[in-house]
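Structure record follows, encoded as C-alpha cells.
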Amino acid sequence: MSETLLDVEERQDELAFPATLPVLPLKDTVVFPESVTPLAIGQERSIKLVEDVVSGDRMLALVTVKNPEEEQPGWDDLYTVGTGAVIHKMIKVPDGTLRILVQGVKRIGLDRPVQDDPYLVGEFVELPDEVKDTPEVEALTRNVQNLFGRVIGLVPYLPEELQIAAANVDDPSALCNLVASTLRLKTEEKQRLLELTNVEERLRQISAILNRELEVFELGSKIQSQVQEEMEKGQREFFLRQQLKAIQDELGEGDADQAEVNELRSRLDELELPEDARKAAERELARLEKLPSAAAEHGVIRTYLDWLVSLPWSKTTEDNLDLQHARQVLDEDHFDLEKVKERILEHLAVSKLKNDLSGPILCFVGPPGVGKTSLGQSIGRALGRKFARLSVGGVRDEAEIRGHRRTYIGAMPGTIIRTLRDAESINPVMLIDEIDKMGADFRGDPASAMLEVLDPEQNKNFRDHYLDLPFDLSKVLFICTANTLDTIPTPLLDRMDVIQLSGYTEDEKFGIAKRYLLPKQLEAHGLDEDRVKVTDKALRRIIREYTREAGVRNLERRLADVLRKAARQIAEGKTRAKTLRVDERRLRSWLGPRRFEGEVRKRTSDPGVATGLAFTAVGGDVLFIEATAYPGKGRLTITGQLGDVMQESAQTALSWVRAHADQLGVDPTWFQENDVHVHVPAGAVPKDGPSAGITMATAIASLVLGQPVSDDVGMTGEITLTGQVLPIGGVREKVLAAERAGLKRVILPRDNEPDLEELPPETKRELTFVPVDTIDQVLDAALEQTGRTNDRQDERQVNLKVASSRSHARVSPPGS
Ligand SMILES: Nc1ncnc2c1ncn2[C@@H]1O[C@H](COP(=O)(O)OP(=O)(O)O)[C@@H](O)[C@H]1O
Ligand SMILES: [Mg+2]
C-alpha cells in the first residue's frame with residue numbers, strides 16, 4: 001500500500017456551537033467523544049467531503065446511519081445525535097479510497113439540514129452531558145471500572161493496556177465513552193448510549209451491559225475450555241488410534257479390535273447363556289467396544305469374556321444308565337474289587353430310579369494306589385460322561401476353589417470353574433481327589449467352599465468370585481477320594497456315601513499286574529506280549545522284593561522301569577530272541593539289589609525291639625518299637641512324635657511290666673536303678689492311637705528280660721493296666737502289611753478274631769494268627785521260645801542276668 005500521509009493540526013478546541021458541519025454518515029459504527037477511530041472512506045461524495053474538510057478546519061459531524069443497507073443515506077436515514085469530530089490523519093490508498101483517523105470531540109445534535117449536495121451539511125448544537133456529583137454516580141463509576149477490568153481480562157479482543165486506561169479514567173462521562181467505544185456492541189445499542197444525556201443513566205446501562213457481557217464471556221470461556229479439552233482429548237485419541245492403526249496395518253492386524261469384538265459377539269450369540277450371564281456378557285462387550293485395545297482394562301474385560309464364552313453353560317452329554325454296560329466297563333478296567341463294584345452299581349441303580357445323579361456323593365477311601373482315581377474314571381466312562389479330575393490336596397486358600405475377584409491383578413476363576421471348562425460339559429463326572437488333605441488357613445476355609453460345591457441345595461447357584469455369576473453345578477456327578485476319613489470335615493462327610501477300599505494281597509497284586517498293569521504298560525512302551533514276556537516268578541519278585549505298599553502304584557512304576565529297559569534292548573538290537581524273557585535273573589540285573597528284605601530280622605535281632613502293626617493313611621505298615629535302658633531312677637522317656645494316646649500306652653505298658661516284674665522273673669530293683677527310653681522310629685511321621693500298647697509292653701519286657709522278640713511275629717492290640725488286651729481297628733490292612741513284610745505270625749486281640757474271616761484265603765493260608773486275651777499270652781508268643789515252656793521261673797532268672805548285662809552294654813552312660 002503506497003500511502004500519502006497528511007498531518008493536520010489539532011483544532012478540536014476551536015469547535016464552537018451552534019456550528020455548521022459537513023456530515024459523514026457512519027455505517028455500523030458509532031464514534032464517541034474522546035475516542036480515536038480509524039475509518040475507511042470509499043464513497044465518492046464522502047471522499048470529496050473528507051478532502052474538503054482536511055483542506056479546511058478539519059471539523060465534521062459523524063452521524064450513524066439507521067439502516068446500513070442504504071447506499072446514499074439522506075437526512076431521514078440518519079440518527080439526529082452524533083459526534084462532532086476532528087480528522088487527525090488522512091491516508092490516500094492507491095485504489096483511490098481514503099483511510100482517516102478521527103477523534104470524537106463532543107456530542108452534538110442536528111438542529112437543521114443546510115445542504116444535500118455534494119454532501120450533507122447541517123447545523124448542529126452541542127449536547128453537554130448532565131453529571132451530578134453524587135455517591136451513586138461515584139459508586140456506579142467504580143462499579144463500571146471494576147466490571148470493565150474483568151471484561152478486559154476475559155475478552156481477547158481488548159488489549160491488556162486498557163486495564164490501566166480504565167483504572168485511570170475517573171470522570172464518569174469519559175469512562176462511559178471509553179467503555180462504549182471499546183466494547184463490541186450492536187450499533188443501535190451504542191447509538192442509544194450516545195444519545196443518553198444523563199450520565200448516571202448511562203453508567204447504569206453500561207453496568208448492565210458489562211454484567212451481561214461478563215456472563216456471556218464467562219459462559220463462553222467455560223464452553224470454550226470444555227470444547228478445547230474435548231478437542232484435545234479427541235485429537236489425542238485420534239492421533240493415537242491412527243498410530244495404532246498404522247502399527248496394526250504394518251503387522252497385518254488391521255481392524256483387529258473390531259474383528260475381536262465381532263468374533264466374541266458371534267460366539268456369545270451361539271451360546272445358550274442363562275439370563276444373568278447374557279446380561280453380564282452384553283455389558284462387558286459394550287465396555288470392550290468403547291475401550292482402546294491398549295487400555296489395561298481392555299485385556300481384563302477381554303479375558304473375562306473369553307472365560308464366559310468358553311464355559312459349558314448348557315452343553316451336556318447324554319447319560320448311559322445301562323447298568324449292564326456299567327458293570328462291563330468296571331470289569332474291563334478293574335481286577336476283582338467285587339464289593340466295591342457292587343456298591344458303585346447299587347449307587348447308580350438308585351440314581352437311575354430317582355432319575356437324579358446328584359444324591360449322596362460317592363467317596364472312595366483307601367490307601368494310595370488301590371484304584372480310587374481309576375474307579376472314578378471308569379464311572380465316567382460307564383455313564384458316557386466326560387471325566388474331570390480336580391486335586392484339592394494341599395489347598396488352603398478358599399480362592400483356589402472359588403476364584404479371585406476380578407479386581408485382583410491376574411484374577412482367574414477357581415479350580416471348579418476351570419475344571420468345568422476343560423471338561424466342556426456341564427454334567428461331567430468330577431473327581432475331587434484327596435479331599436482329606438485340604439487344609440485351612442488365614443486365607444479362608446476351602447472346606448466350606450467345597451461344602452457349597454457339593455451341596456445339592458446350594459450348588460445350583462454356585463458363585464465363583466471371578467465370574468460373579470451363578471453357575472449351575474447341580475448336574476455334575478461328584479466323586480471324592482481320600483486316604484482317610486479322619487481329616488474330612490464332618491459336614492462334608494455327612495454328604496458322602498463312603499466306600500472303603502483296602503490294600504491288596506500279594507495274589508491280588510499279581511492278578512492286577514498280570515491282567516491290567518502289564519498289558520497297559522506294554523502298550524505304553526510300544527511293546528506286546530510276543531516281544532516281551534515277564535515271567536510270573538519275576539512278577540512276584542517285583543511285588544515282594546521291589547515294592548512295599550498297600551496299592552499297586554509303585555508296582556506299576558517298577559513294571560514301567562523294566563519295560564523301558566526291555567524296549568531299549570530291543571531297539572538297540574541287543575537281543576536276538578524273538579521274545580525277550582524277563583526272568584528273575586534279568587530282573588536282578590535291571591532293578592538292582594532287592595529293596596525290601598529281611599528288615600524285621602535285622603531290626604529285632606537285639607532284645608528291646610518289637611514289631612507292631614499299624615494302620616495309617618497309606619494303608620497298613622509295620623512299625624518297630626524300640627526300648628532301651630540306662631542307669632537312673634525308673635523314669636520313662638518317650639520319643640518319635642507320638643500322640644497323647646500313644647504316650648499313655650507307653651506309660652501303661654511300662655507300669656504293667658513293672659507291676660509284674662516278679663511274675664516275669666525280673667528283679668524289682670531293676671526299675672529303681674534304670675530309666676527306660678521308648679522310641680518309635682520314622683520320627684517325622686506323627687503317630688497315635690492305642691493299638692501299639694502290646695507292642696510297647698513286649699519291647700519293654702524283651703529289654704528287661706534280655707530276650708529278643710521273634711523275627712517272624714507282628715502284633716497289634718490295646719493294653720490295660722491289668723494286662724488285658726482290647727480290640728483294635730484296621731485288622732485287614734495290618735495283616736496285609738504283616739504279609740508284605742514277610743512275617744509269619746500275627747498276634748491280635750481275641751475280640752478281633754471275626755475280622756479274620758474277611759481276609760483273602762491265601763492270606764489266611766500264609767499267616768498264623770495268635771488271638772490273645774492278656775499280655776501274658778502276647779509275651780509267650782512273641783519272645784523267642786528258647787525252652788521257656790518248662791521251668792519258667794528259672795529261665796527268667798537266667799535271662800534276667802543276661803538282660804541286665806546286655807541292657808547295660810547297649811547303653812553308654814555319659815562319662816563312662
Ligand atoms: N483293582 C485294580 N484293577 C486294575 N488296575 C488297578 C486296580 N487298582 C489299581 N489299579 C491301577 O493302579 C494304578 C493306581 O491307581 P489309582 O487309581 O491311581 O490309585 P488311587 O487313586 O487309589 O491312589 C492305576 O493305573 C490303576 O488303574
Ligand atoms: Mg488317586
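A few points about this structure:
- Filter result for Gln163 (modelled with pLDDT under 80 and part of a helix (DSSP H, G or I)): no
- Residue pairs meeting the criteria (Cβ under 6 Å; at least 6 apart or on separate chains; first in contact (Cβ under 8 Å) with a residue 12 or more places away in the chain and within 20 Å of Ala737 (Cβ to Cβ), in the range 542-564; second aromatic (Phe, Trp, Tyr) and more than 10 Å from ligand 1 (Cβ to nearest atom)): Arg548/Phe596; Arg558/Tyr546
- The range 707-753 - residue that is basic (Lys, Arg) and under 53 Å from the mean Cα position of the chain (by Cα) and, of those, farthest from Ala653 (Cα to Cα): Arg740
Matching residues to (1) within 20 Å of Leu721 (Cα to Cα); (2) under 56 Å from the mean Cα position of the chain (by Cα):
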site: Lys633; (1), (2): no, no
site: Gln651; (1), (2): yes, yes
site: Ser655; (1), (2): yes, no
site: Arg658; (1), (2): yes, no
site: Leu664; (1), (2): yes, no
site: Gln672; (1), (2): yes, no
site: Asp675; (1), (2): yes, no
site: Val678; (1), (2): yes, yes
site: Pro681; (1), (2): no, yes
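- Residue in the range 399-415 that is part of a helix (DSSP H, G or I) and either touching a Pro at 6+ places or on another chain (Cβ under 7 Å) or of a type in the set (Phe, Trp, Tyr) (or both) present: yes
- Subset of the range 357-380 (residues that are within 12 Å of ligand 1 (Cβ to nearest atom), among the aliphatic types (A, V, I, L, M) and within 9 Å of Cys480 (Cα to Cα)): Val365
- When Leu383 is tested against the conditions (1) under 30 Å from Ala550 (Cβ atoms); (2) away from ligand 1 (no atom under 16 Å from the Cβ); (3) free of Cβ contacts under 8 Å to residues at least 40 places away in the same chain, the lone failure is (3).
- For beta carbons closer than 6 Å, sequence separation of 6+ or different chains, a first residue in the range 724-746 that is more than 19 Å from Asp507 (Cα to Cα) and a second that is at pLDDT below 90 and of a type outside the set (A, V, I, L, M), the qualifying pairs are Gly730/Phe615.
- Selection of the range 706-738 for residues being in a helix (DSSP H, G or I) and surrounded by fewer than 24 Cβ atoms within 10 Å (Cβ to Cβ) yields Arg732, Glu733.
- Residue-level analysis places Gln324 outside the set of residues that are within 16 Å of ligand 1 (Cβ to nearest atom) and surrounded by fewer than 21 Cβ atoms within 10 Å (Cβ to Cβ).
- Pairs are defined by a Cβ separation below 7 Å, a sequence spacing of at least 6 or placement on different chains, a first member in the range 401-418 that is within 23 Å of Glu297 (Cβ to Cβ), and a second member that is of a type in the set (Lys, Arg); the pairs so defined are Ala411/Arg405; Gly414/Arg402.
Per-residue answers, yes or no, for (1) in contact with a helix residue (DSSP H, G or I) (Cβ under 7 Å, 6 or more places away or on another chain); (2) away from ligand 1 (no atom under 16 Å from the Cβ):
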| residue | (1), (2) |
| --- | --- |
| Trp313 | yes, yes |
| Thr316 | no, yes |
| Phe335 | yes, no |
| His347 | no, yes |
| Leu353 | no, yes |
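- Within the range 289-366, helices (runs of 4 or more DSSP H) holding 1 or more residues that are acidic (Asp, Glu) and more than 26 Å from the chain's Cα centre (by Cα): 323-333, 338-354
- Residue identified as touching a strand residue (DSSP E or B) at 6+ places or on another chain (Cβ under 6 Å) and over 25 Å from Leu736 (Cα atoms) among Leu636, Leu623: Leu636
- Residues satisfying the stated conditions in the range 596-644, i.e. in contact with a helix residue (DSSP H, G or I) (Cβ under 9 Å, 6 or more places away or on another chain), over 30 Å from Gly393 (Cβ atoms) and part of a loop (DSSP other than H, G, I, E, B): Glu597, Thr604, Asp606, Pro607, Gly608, Gly632, Lys633, Gly634
- Any hit, the range 423-442, residues being over 26 Å from Glu346 (Cβ atoms), at pLDDT 90 or above, away from ligand 1 (no atom under 16 Å from the Cβ) and under 22 Å from the mean Cα position of the chain (by Cα): yes
- Residues that are more than 16 Å from ligand 2 (Cβ to nearest atom), among the polar types (S, T, N, Q) and modelled with pLDDT of 90 or more, drawn from the range 324-377: Gln324, Gln328
- Residues of the range 203-229 satisfying the condition of being surrounded by 19 or more Cβ atoms within 10 Å (Cβ to Cβ) and either closer than 21 Å to Leu110 by Cα or of a type in the set (Asp, Glu) (or both): Glu213
- Candidates Ala286, Ala296, Ala349, Ala280 - the one that is small (Gly, Ala, Ser) and surrounded by 18 or more Cβ atoms within 10 Å (Cβ to Cβ): Ala280
Residue by residue, here is whether (1) out of contact with any helix residue (DSSP H, G or I) (no Cβ under 7 Å at 6 or more places or on another chain); (2) modelled with pLDDT of 95 or more holds:
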position	(1), (2)
Gly706	no, no
Lys734	yes, no
Ile747	no, yes
Asp755	no, no
Leu759	no, no
Thr763	no, no
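- The residue list Thr20, Thr29 contains one member that is surrounded by fewer than 18 Cβ atoms within 10 Å (Cβ to Cβ), β-branched (Val, Ile, Thr), touching a residue at least 60 places away in the same chain (Cβ under 8 Å) and not in a strand (DSSP E or B), which is Thr29.
- Qualifying residue in the range 508-518 (condition: among the acidic types (Asp, Glu), free of Cβ contacts under 8 Å to residues at least 60 places away in the same chain, more than 16 Å from ligand 2 (Cβ to nearest atom) and within 25 Å of Ala741 (Cβ to Cβ)): no
- Residues of the range 85-114 satisfying the condition of being charged (D, E, K, R) and touching a residue at least 60 places away in the same chain (Cβ under 8 Å): Lys89, Lys92, Arg99, Lys106, Arg107, Asp111
- For the range 463-559, the helices (runs of 4 or more DSSP H) that sit wholly inside it and include 3 or more residues that are within 27 Å of Val735 (Cβ to Cβ) and more than 16 Å from ligand 1 (Cβ to nearest atom) are 536-545.
The values are calculated or read from the model by the stated rules, or taken from the named source; none is laboratory data. As the structure is a computational prediction, the values presented were derived from the model and not from experiment. All Cβ positions, glycine included, derive from the backbone under ideal geometry; neighbour counts span all protein chains shown.
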